[in-house]
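Report on the structure given below.
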Amino acid sequence: MQPIKLTVYGKYWDSQIYQGCLFLFEMDGSIKTLDWDKLFDFFQMDEKLKIAFEAAFKKSSLLYSKDNQNLMNDIEIKNILRSKFKRLQNCDLNVDIQDIINCTLNTQDNKFPFPHADSEIYGKEVYIASRDGVFSAPCLSKTKYSISTKLQKHWDAPCLRVTGSYGNIAIAAGNEGLYEKEVIGNTVSSNDPQKLSDIHCSDCNWNYYSIFGSSYIESGFLAYQEQPTKNKYEYDHVFSFNSDEDDNENLFNTDIIKAESIFGNSEYSWGAKDKICQITESKIKVYNFNPWKENKYLYRGEIDINKGDGDFVSAKIASFGTLIELDNALVILRSDDEITRIEGEPVNWRVFPRSKFYENQLHVIFDDRLEIYSFNHDYFVNQDKKLSGYKMRIA
């Protein structure tokens, strides 16, 4: 089953999707906010495809629910859903300039440093990592524009990545290391970020309430963190970008676990949720990470890769698979053991591993368009057995 592609034409630097809004950071220095749900009113959609369309673009959690999983075990229903997704692949999902105008909520000047290194929306706050530091502004509040023009600066050091979860934001600060800053409700504390590690950190992501720091220069590492004041099983779920998170206690008791102690060497490594990966010359090594077991790191196997598309650039883990950016293509090693290749060198790309409604999306920006891919094969994959992609919680 191939992904379903939606194309939004225009010149963009970055994109975010959050609570029914698509935020487009445009190359001309503006931010355009689109009504995501209204956008789909312009497509002439067969009523019979409604549930597939809903799961593909509006509510990625829909078919992972426990009740729907029981239905998904019915072979006839499973085959019908597969056929609906395949029919969606053949639909014309191109968004032209007039469509964009019709569903634009507002366009505003970009007050953040531009071009930025990374963006994140967490707890109704837009975070920007840049060479000038970390900034944030509230979004979707009672202001004239979708993103408030009143910025808060959190740090002066150049930053490469910012990502939020469990009431905190993690900051990859290159030579300065890995930092973490507490979020209180929908605001950010005035305290300076807390250093977790002074190891060079190019990227970071959350493995449950621990943070994996990736580096092109030094060894990757896991900033392992415990939260003993809470029931540990409260954390084994997907934290949503689309709801108000209320778990705001500081994380503490950080231990730095270097990649060598997990993989046996220091090649580039990365993680998300229950998976930790490392790339070698022709393979990706995969470990399961389970902080609630005595043996937290369980070797799962290797995924073969073909690096004929050039040198390694970057990598991420999503629910639907492992994504590898090479010089000439973005390669998705899917959770159903198939491979999807997106040709070309993107301006930017991102996945949404902590989103409740858009977890199956991949956004890829090229010079003249944003391509939004919806991957739906993972609904039909045994979550306990898949090697590529993190495990989805069935709730």
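The values are calculated or read from the model by the stated rules, or taken from the named source; none is laboratory data. Bear in mind the structure is a predicted one, so any value in this text is a computation, not a measurement. Reconstructed Cβ throughout: ideal geometry from the backbone, glycine too, with neighbour counts over all protein chains shown. For accessibility, only protein heavy atoms count, side chains too; no ligands or nucleic acids. Shrake-Rupley method; radii C 1.70, N 1.55, O 1.52, S 1.80 Å.
For the residue pairs K50/K84; K195/K356; K5/K307; K273/K293; K66/K385; K5/K66, the alpha carbons lie more than 20 Å apart in K195/K356; K5/K307; K5/K66. Averaged per residue, region 102-208 has 38 square angstrom of accessible surface, using a 1.4 angstrom probe with ligands and nucleic acids left out. Rolling a 1.4 angstrom probe over the chain with all protein chains present gives an accessible area of which 44% lies on carbon and sulfur atoms.
Amide H contacts for G220 (H built 1.01 Å from N in the peptide plane; partners 5 or more residues away or on another chain; cut-off under 5 Å): S215, A259, S269.
Here region 105-218 is treated with +1 on each Lys and Arg Cβ and -1 on each Asp and Glu Cβ, and its dipole about the Cα centre works out to around 560 debye.
As a length-normalised measure over Cα pairs under 8 Å and 6 or more apart, the relative contact order of the chain settles at 16 percent. Remark: the chain carries a charge dipole of roughly 840 debye about the Cα centre, counting +1 on each Lys and Arg Cβ and -1 on each Asp and Glu Cβ. Candidates F23, I324, C91 compared by Cα position along the dipole of the chain: farthest toward the positive end lies C91, with charges placed on Cβ. Count Lys and Arg as plus one, Asp and Glu as minus one, and take only other residues whose Cβ is under 15 Å from that of K48; the net charge is then +2. Each principal axis of the Cα atoms in the chain has its own extent, and those three values, largest first, are 53, 49, 44 angstrom. Per-residue 3J(HN,Hα) values for region 71-86, derived from phi via the Karplus relation 6.51 cos²θ - 1.76 cosθ + 1.60 with θ = phi - 60°, read 5, 5, 6, 7, 4, 5, 5, 4, 5, 5, 5, 4, 5, 5, 5, 5 Hz in sequence order (x marks Gly and Pro).
Based on the Cα atoms of region 56-153, what semi-axes does the equivalent ellipsoid have, where each is the square root of 5 times one gyration tensor eigenvalue, given in whole Å with the largest first?
Details: eigenvalues 290, 74, 35 Å².
After diagonalising the Cα gyration tensor, the semi-axes are 38, 19, 13 Å.
Backbone amide hydrogens, once placed in the peptide plane, bring N207 within less than 5 Å of F212, K273, excluding anything fewer than 5 places away on its chain.
For every helix of n ≥ 4 consecutive DSSP H residues, a contribution of -39,500 (n - 2.57) applies; sum these over the chain, divide by its total residues, and give [θ] at 222 nm rounded to the nearest 500 deg cm²/dmol.
-2500 deg cm²/dmol
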